[in-house]
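Report on one structure; see the data block that follows.
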Amino acid sequence: MTRVVVTTESRFTRTPDGTVWTGDVADHRFWRRYTAVFASVRVVARVADVPRPGPADRPVTGDGVEVWPVPSYAGPAQYLRARERVRRTVLAAAGDADAVILRVPSPIGMTLALARNRRGLPFGLEVVGDPHDALAPGAVRHPLRPVLRHWMSRQLRRQCASAAALSYVTERSLQSRYPARPGAYTTACSSIDLPEEAYAPAPRPAPQRSRLVSVGSLAQPYKGIDTLIGAVARLAGAGHDVTLTHLGEGRLRGDLAELAGRLGVADRVTFAGLVSSGPEVWRRLDEADLFVLPSRAEGLPRALIEAMARGLPAIGARVGGVPELLPPEDLVAPGDPARLAEAVGAMLADRERMAIASARNLARARDYAAARLTPRRIAFYEQVRELAERRAARRPAGPPAPGAQRATTSGPPAPTRTTPGTPAEATTHRRKAVE
């Protein structure tokens, strides 16, 4: 069977025993699902060496899953300094006979896409985000933000126009901005596949309290938690007995805590830090009355879908795939604390509306159950595998791919392996695949 090489922008850590770890959902179980179709999966990602895993970390490496470590960097400046080492490492990760899936947008994925195009080799894309939104004003603080936004959006359009098979996490949003080329295989399939235990047994009754919850990384401003804290301050000033608990960690936590203090709501805002995915997150969601997603950019947010699966009413920003999940009356423009406060206040004041939203959200979240998404995902994997095997059967013997020889001499550390560990109702459009 064919091996698949998958690039990702996830950042991993590696302990001295060689185990690779993650604190997010991209753990061994996540990557293991590729082995339903492929013999094994090689994950190409940034890896930083650490003495020990974090308290919420889980293994990435394990049976059928290896990690090809890319030099770790953060931000455009570090990327430019490490660019040549990153390029060599990425090119050495995949041979001509490998199937390749790039999770994009991604500088790592872009490097491999360019190399595959030059050699006439097919590849698949999993389009999981939108750089146009992720690098919008206010989403990221960097002097090169406008240039990066234009450049990365253009590169993603080019990748989508050259890929042989594409899987979009949204049903409409990303497809309209980054269309596939005519004849390419396309499907809509979220990276999320919730197990049955992630779902509440029934919708919630109308709540009697006003406990807000939000979830997301605090590494960059694009999650919009500053907007939400501003909204909490306005609600408190208007007499609402509202509290907010945020699940997530990052370098902006101190700044956001300081903002809550300046606005006089430090006693109403709790930063819970990193919370283990699964039952612990579900418990925290069950303790809340309303989920708020104030992001300035999103693909299709897992946090919102998980909250909906717990029967939580929700208010979200009108970005990315969020309008595919929530009705217009539950959406607001990003970056506007006053409008967000108004929307949250109106929802909290209407207990009947909250009960209706609970039932509707729970039903909509069912579209992201593993039983519904797995068949579409497997069909996409099979298409990528068939393209790679068909091309390999026809291709005459030739020189190795760029970087292949370097992998055995001056290339990156050997892929990391360990033994323990275990992986919207939209219509799949199977068009004639073009290599």
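Residues in the range 71-102 that are within 20 Å of the chain's Cα centre (by Cα) and more than 27 Å from ARG391 (Cα to Cα): SER72, TYR73, ALA74, GLY75, PRO76. State whether the residues of the range 242-252 include one that is surrounded by fewer than 14 Cβ atoms within 10 Å (Cβ to Cβ) and of a type outside the set (A, V, I, L, M, F, W, C). Checking the range 242-252: at least one residue is surrounded by fewer than 14 Cβ atoms within 10 Å (Cβ to Cβ) and of a type outside the set (A, V, I, L, M, F, W, C). Quick check on the range 226-236. Is at least one of its residues over 23 Å from GLY311 (Cα atoms), among the hydroxyl-bearing types (Ser, Thr, Tyr), buried (at least 20 other Cβ atoms within 10 Å of the Cβ) and at pLDDT 95 or above? Yes, the range 226-236 contains a residue that is over 23 Å from GLY311 (Cα atoms), among the hydroxyl-bearing types (Ser, Thr, Tyr), buried (at least 20 other Cβ atoms within 10 Å of the Cβ) and at pLDDT 95 or above.
With a requirement of 1 or more residues that are acidic (Asp, Glu), closer than 27 Å to SER176 by Cα and outside the structural domain of HIS132 (by TED's automatic domain parsing), the helices (runs of 4 or more DSSP H) lying completely within the range 295-400 that satisfy it span 302-309. Assessment of the range 243-254 against the conditions (over 24 Å from GLY311 (Cβ atoms), modelled with pLDDT of 95 or more and either polar (S, T, N, Q) or in contact with a strand residue (DSSP E or B) (Cβ under 9 Å, 6 or more places away or on another chain) (or both)) yields at least one matching residue. Can TYR222 be described as assigned by TED's automatic domain parsing to the domain that holds VAL275 and of a type in the set (Phe, Trp, Tyr)? So TYR222 passes the test.
Taken over the range 153-185, the criterion of being in a strand (DSSP E or B) and closer than 23 Å to ALA297 by Cα is satisfied by LEU166, SER167, TYR168.
Taken as a whole, the range 272-279 holds no residue that is of a type outside the set (Gly, Ala, Ser) and at pLDDT 95 or above. Summed over the range 204-223, residues that are under 16 Å from GLU249 (Cβ atoms), modelled with pLDDT under 95 and of a type in the set (Gly, Ala, Ser) total 3.
Between a first residue in the range 367-381 that is within 16 Å of GLU306 (Cα to Cα) and a second residue that is assigned to a helix (DSSP H, G or I), which pairs have beta carbons less than 6 Å apart while being 6 or more apart in sequence or on different chains? Close Cβ pairs (under 6 Å, with a partner that is assigned to a helix (DSSP H, G or I)) amount to TYR368/ILE305. Of all residues in the range 205-225, those that are farther than 21 Å from ILE305 by Cβ and of a type in the set (Ser, Thr, Tyr) total 1.
The set of residues in the range 1-26 being outside any strand (DSSP E or B) and either among the hydroxyl-bearing types (Ser, Thr, Tyr) or modelled with pLDDT of 95 or more (or both) consists of THR2, THR15, PRO16, ASP17, GLY18, THR19. Say whether the condition of being buried (at least 22 other Cβ atoms within 10 Å of the Cβ), modelled with pLDDT of 95 or more and in contact with a helix residue (DSSP H, G or I) (Cβ under 8 Å, 6 or more places away or on another chain) is met by at least one residue in the range 147-157. Within the range 147-157, one or more residues are buried (at least 22 other Cβ atoms within 10 Å of the Cβ), modelled with pLDDT of 95 or more and in contact with a helix residue (DSSP H, G or I) (Cβ under 8 Å, 6 or more places away or on another chain).
The values are calculated or read from the model by the stated rules, or taken from the named source; none is laboratory data. Model, not experiment: these values are computed from the prediction. Here Cβ is always computed from backbone atoms with ideal geometry, including for glycine, and neighbour counts include all displayed protein chains.
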